[in-house]
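Have a look at the structure below, then the notes.
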Amino acid sequence: MVSLSTTMRRLGIITVTNSAVVTPTLISSTASFARNLTLPSPLRNHGLTNSIRFLKSRSLLSSLSCFSSSAAYLPALDEFPSTKGSVAMRDDKKKVILKGMSYASLQEWVESHGFRPGQAMMLWKRLYKDNIWAENVDQLEGLNKDFKRMISEHAEFGALSFKDVRSASDGTRKVNKWMLQILFTLDDGLVIETVVIPCDRGRTTVCVSSQVGCAMNCQFCYTGRMGLKRNLTAAEIVEQAVYARRLLSHEVGSITNVVFMGMGEPFHNIDNVIKAANIMVDENGLHFSPRKVTVSTSGLVPQLKRFLRECNCALAVSLNATTDEVRNWIMPINRKYKLSLLLETLREELSSRHKYKVLFEYVMLAGVNDSMEDAKRLVELVQGIPCKINLIQFNPHSGSQFIQTDEDKMIKFRNVLAEGGCTVLMRFSRGNDQMAACGQLGMLGAIQAPVMRVPEQFRTALKASV
């Protein structure tokens, strides 16, 4: 029988209270030991089974290797496989999930039950269009009884269960200037978060999650501390946008924009993300403009290429540093796909795209990436890439070792970029009182992804003890 403390020592993990610093020392037997680990019943009864399951997964083991290897942690893309096949199924009920299908798959399914293709289109529109957003058979107005009976027997409408909704104190629902955080429970009991963000200019954005947790371990991101639990299905992604429209359209008007900037790395779930995005922009469905559906990535280069070739939606790249040294630290994926490779790939892929601009996201971290030298380097880095740059104020969270750049310095940084010919946007914190702001979504478990060692020249700026 192995105690948890012994387990942590043998894995080389030391957790420091408050700072949440994790320092691993890898040994050759780590992987086999973790995978063969069993818990005594008292620990299982205290909810630690899932924590050890995370230890057993390649997520943590591979994350630890970041300390001793120059390659960034990136789990195999088949480790958490996408839903395969043309029809998404509920294993327990053997029913299809309607929102998990493309229109072509839905039509094929409808015809396989002996009904006309036109009835598939009628069903599609009632799921996504005409302000119906049907949740059950009773809301399928105009469809014949036999068709509705077949749907009732062989299909499910929803992949998510509503759990809770929270408003941030940026304003009130009455004045229509609040941020709304929606929590959903999945079939397996896991919880995801979706955020609705109004804007004074009449634009309302829904920020959807693509995974439960995230494997990328970006050091400034609270979600990254969770590690990756699993991918979301296309149905679970799409329904976040459908639910936001159903819940809020009467209060705030139409949801106009979708951003894949919630929990998870979208390109680590590329199959389901492309499928969901295509459903969102279908002209007979949710009918978002492709320019108003933005998918963000930390820089998975092969998947980035595939996205640009298979999807017409907008692309955002989370850049956040102007040198490999800094990006290797705060975004471990950079150890696998260096800045030069990422940016050159964008130059090549966008050279043949007409009027297409990538949005570079740049979270500003005091004393780390916010110097005027960084601003000048950033101007040079993006040369030849059609782009906009979004400067984002860092949102603090529990255990965070970073500090916000103050607004005056952000403006000076912006001015250097603008003088260099860049188009620059600025985003200040919203919703951080409810942990609903950018980089704050999710809930940490007993076992967390490791905090990377802080380079010596930044330790004073971060006031971090290493």
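The values are calculated or read from the model by the stated rules, or taken from the named source; none is laboratory data. In this text the structure is predicted, and so the values were computed from the model without any measurement. With ideal geometry, Cβ positions are generated from the backbone for all residues, glycine too; neighbour counts draw on all protein chains shown. For the accessible areas, the whole protein counts, side chains as well, though only heavy atoms, and no ligand, DNA or RNA atoms are used. Shrake-Rupley method; radii C 1.70, N 1.55, O 1.52, S 1.80 Å.
Tell me, what ³J(HN,Hα) does each residue in the range 282-290 have, in order and in whole Hz, if you take phi through Karplus 6.51 cos²θ - 1.76 cosθ + 1.60 with θ = phi - 60° and put x for Gly and Pro?
With the stated coefficients, the range 282-290 comes to 4, 5, 9, x, 5, 6, 6, 5, x Hz.
So for the pair Glu251, Glu310, with labels modelled 7 Å out along Cα→Cβ, what separation do we get in nm?
Spacing of the two 7 Å Cα→Cβ label points: 3.6 nm.
If amide H atoms are built 1.01 Å from N in the plane of the peptide, which residues on other chains or at least 5 residues away come under 5 Å of the amide H of Phe394?
So Phe394 has HN proximity to Met364, Thr405.
Does the range 109-250 come out rounded, prolate or oblate by the C-alpha gyration tensor, with a ≥ b ≥ c the root eigenvalues, rounded set by a/c under 1.5 and, if not, prolate when a/b is larger than b/c and oblate if not? Display every interim value, and only then the final one.
Working: a/c = 2.72, a/b = 1.54, b/c = 1.77.
Here the range 109-250 falls in the oblate category.
Which cross-chain or sequence-distant (5 or more) residues have an amide H under 5 Å from the amide H of Glu156, H modelled 1.01 Å from N in plane?
Long-range HN contacts for Glu156: Val96, Ile97, Leu98.
Which sequence of Glu265, Glu251 reflects their accessible areas, 1.4 Å probe, from the largest down?
My answer, sorted largest first, is Glu251, Glu265.
Let's test the formula: R0 of 45 Å, r as the Cβ-Cβ distance of Ala418 and Val165. What FRET efficiency results, to the nearest 0.05? Walk me through the intermediate numbers first.
Values: r = 38 Å, r/R0 = 0.85.
Efficiency, from the Cβ-Cβ distance: 0.70.
Work through the residues other than Arg116 whose Cβ is under 13 Å from its Cβ and net out their charges, Lys, Arg +1 and Asp, Glu -1. Intermediate values should be presented prior to the final figure.
On the way: positive: none; negative: Glu108, Glu111, Asp146.
Counting the neighbours of Arg116, the net charge comes to -3.
List every residue whose amide H lies under 5 Å from the amide H of Phe360, counting only residues 5 or more places away in sequence or on a different chain, with H placed 1.01 Å from N in the peptide plane.
For Phe360, the qualifying residues are Val317, Lys388, Ile389, Asn390.
Taking the highest mean first, how do the peptides 274-287, 152-165 order by number of other beta carbon atoms within 10 angstrom per residue?
274-287, 152-165
With θ set to phi - 60° and the Karplus curve 6.51 cos²θ - 1.76 cosθ + 1.60, what are the ³J(HN,Hα) couplings of the range 240-246 in order, to the nearest whole Hz, using x for Gly and Pro?
Each residue of the range 240-246 in turn: 4, 5, 4, 5, 4, 5, 5 Hz.
Pull out the extension gain between Ile132 and Glu407, defined as 0.36 nm times the separation in residues minus the alpha carbon to alpha carbon distance; nm, one decimal. Display every interim value, and only then the final one.
Values: separation 275, 0.36 × 275 = 99.00 nm, distance 4.31 nm.
Between Ile132 and Glu407, full extension yields 94.7 nm more.
Count charges around Leu308 for me, please; just the other residues with Cβ under 13 Å from its Cβ, Lys/Arg as +1, Asp/Glu as -1. Let's see the in-between values first.
Values: positive: Lys305, Arg306, Arg309, Arg347, Arg353, Lys357; negative: Glu310, Glu348, Glu349.
Combined, the nearby Lys, Arg, Asp and Glu give +3.
Label points 7 Å out from Cα along the Cβ direction at Asp146 and Glu380: separation in nm?
7.2
Just to confirm, what accessible area per residue do you get for the range 250-297 at 1.4 Å probe, in whole Å²?
About 32 Å² of surface per residue is accessible.
Applying 1/(1 + (r/R0)^6) with R0 = 56 Å to the Cβ-Cβ distance of Asn284 and Gln457, what FRET efficiency is obtained, to the nearest 0.05?
In this case the efficiency is close to 0.50.
Suppose the chain between Ala366 and Asp187 were pulled fully straight at 0.36 nm per residue; how much longer would it get relative to their current alpha carbon spacing?
Answer, rounded to one decimal: 60.4 nm.
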